[in-house]
């Protein structure tokens, strides 16, 4: 019975460490309407939980010859979480309300970094150079599209996109823009308060700046 308990404890320790590390290596993405949110909240929580977990393991095995082995295992687990976050799937916390109603403020999501084929309707996370921040928006224009906002209506390739959405601000889309092979136009779902491709400091999103797609 004691052996089963030790195995279960080991499994819990590994899972706990992996979950904490995924939080710690996650990113905070901004819908950019209230950018003063918990910018590093997820990292702080994950880091504190990792420290607590490590302290508990050290105390539990303080007189045990397996302490070093445990340390190596947990470091490997944390390293695996870092690799997965960098190359495949990364946790992300959304800050702001411009993606309502699809995504709300402080919602935890997952970013697929493996997908590189983005289409209209996909929600992407990208590095915005103009705002020096990581943003989350929905793709509305893909390479080859011609977009323009006229009289509050968005036209894509000459066709009105959605009669129910009225744009009070056209910005750079007041004139027609044709997207090159590596360019995208993105909007927030809550268009009335969203800072998106209409604004010059966001503008056209290059494929090289895209981190991944919200799963």
Selection count where residues are farther than 19 Å from residue 119 by Cβ, touching a residue at least 12 places away in the same chain (Cβ under 8 Å) and not in a strand (DSSP E or B), scope region 136-157: 1
Unmet criterion (only one of (1) under 21 Å from residue 104 (Cα atoms); (2) at pLDDT below 95) for residue 158: (1)
One residue from 189, 164 being buried (at least 17 other Cβ atoms within 10 Å of the Cβ) and at pLDDT below 95: 189
Residue list for region 97-124, filter: modelled with pLDDT of 90 or more, part of a strand (DSSP E or B) and over 21 Å from residue 181 (Cβ atoms): 109, 110, 111, 112, 123
Positions within region 159-200 being closer than 19 Å to residue 124 by Cβ and either assigned to a strand (DSSP E or B) or in contact with a helix residue (DSSP H, G or I) (Cβ under 6 Å, 6 or more places away or on another chain) (or both), in sequence order: 177, 182, 183, 184, 185, 186, 187, 198, 199
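The values are calculated or read from the model by the stated rules, or taken from the named source; none is laboratory data. Model, not experiment: these values are computed from the prediction. A quick note on method: Cβ atoms are made from the backbone with ideal geometry, for glycine too, and the neighbour counts reach across all protein chains shown.
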